[in-house]
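Beneath this line is the structure, given in structure tokens, with notes to follow.
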Amino acid sequence: MANLEAGSRHQLSLYAAHLQGHLEKYEFLPELLATNKRLVHLLQHSEDPERIEALNRYLENISRITNASGTYLMDARGLTIAASNWLSPRPFVGRNFDYRPYFKEAMKGRLGRYFALGSTSNRRGYYFAYPIRHLEEILGAVVFKIDIAELEQGRAGVTPGMSLLSAIWMV
């Protein structure tokens, strides 16, 4: 039993390090994107449909380049006003995510992080959110969603049908 426990702890350590390393690649992206003046301007003037469409296309491109499963802009009330999946059958645009912990943290001026099942996509993901400011006022947040499925599919030694995060929580 002691050998089995030691081996399990070692495997857990490897899984946790792999997951942490993967997520750290994305952690800085919302803060970087929050400095983009286009996002600030759109939050200040969210009634301009041409700017919204241009920002949707921009976020779509950001998601493609970074391999994020979603990138979106939320106003201070939690309403999504632009999103990378704007053309999908179930876009984030027009949805309110003010109840999500990542949004609440961003509205407090901090990097928000959260692992959850997407309420729109029904896919597990890890979310990063960062506040968008103008002067000292927080106008909204930019969010990156990272699909966890690719990590789970790349795992080694985890029981089939078990998610990587489930394996981590088991030990």
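Assorted remarks:
- Helices in the chain, meaning DSSP H runs of at least 4 residues, each add -39500 (n - 2.57). Divided by all residues, the mean residue ellipticity at 222 nm is -13500 deg cm²/dmol.
- Ascending count of other beta-carbon atoms within 10 Å, so fewest first, for 63, 119, 84, 69: 119, 63, 69, 84
- Of (1) 9, 25, 29, 22, 11, 4, 0; (2) 10, 37, 30, 15, 7, 2, 0; (3) 9, 32, 36, 15, 6, 1, 0, the label for P(r) over Cα pairs in 10 Å bins from 0, in percent derived from the coordinates: (2)
- For the chain, the longest principal axis of the alpha carbon atoms and the long axis of helix 49-66 meet at an angle near 20°.
- Reachable aspartates and glutamates from residue 25, criterion Cα separation under 16 angstrom, eight or more residues apart if same chain: 147, 150
- Look at the dipole of the chain built from charges on Cβ: of 96, 70, 17, the Cα furthest out on the positive end belongs to 17.
- Backbone HN-Hα couplings from phi across the stretch 73-88 [Karplus 6.51/-1.76/1.60, Hz, Gly and Pro as x]: 10, 10, 7, 5, 8, x, 7, 7, 10, 8, 7, 5, 9, 4, 9, 6
None of the figures in this text is laboratory data; all of them are computed from the coordinates on show. Everything numeric in this text was worked out from a predicted model, so none of it was measured. When we count neighbours, we look across all protein chains shown, and the Cβ atoms used for this are built from the backbone with ideal geometry, even at glycine.
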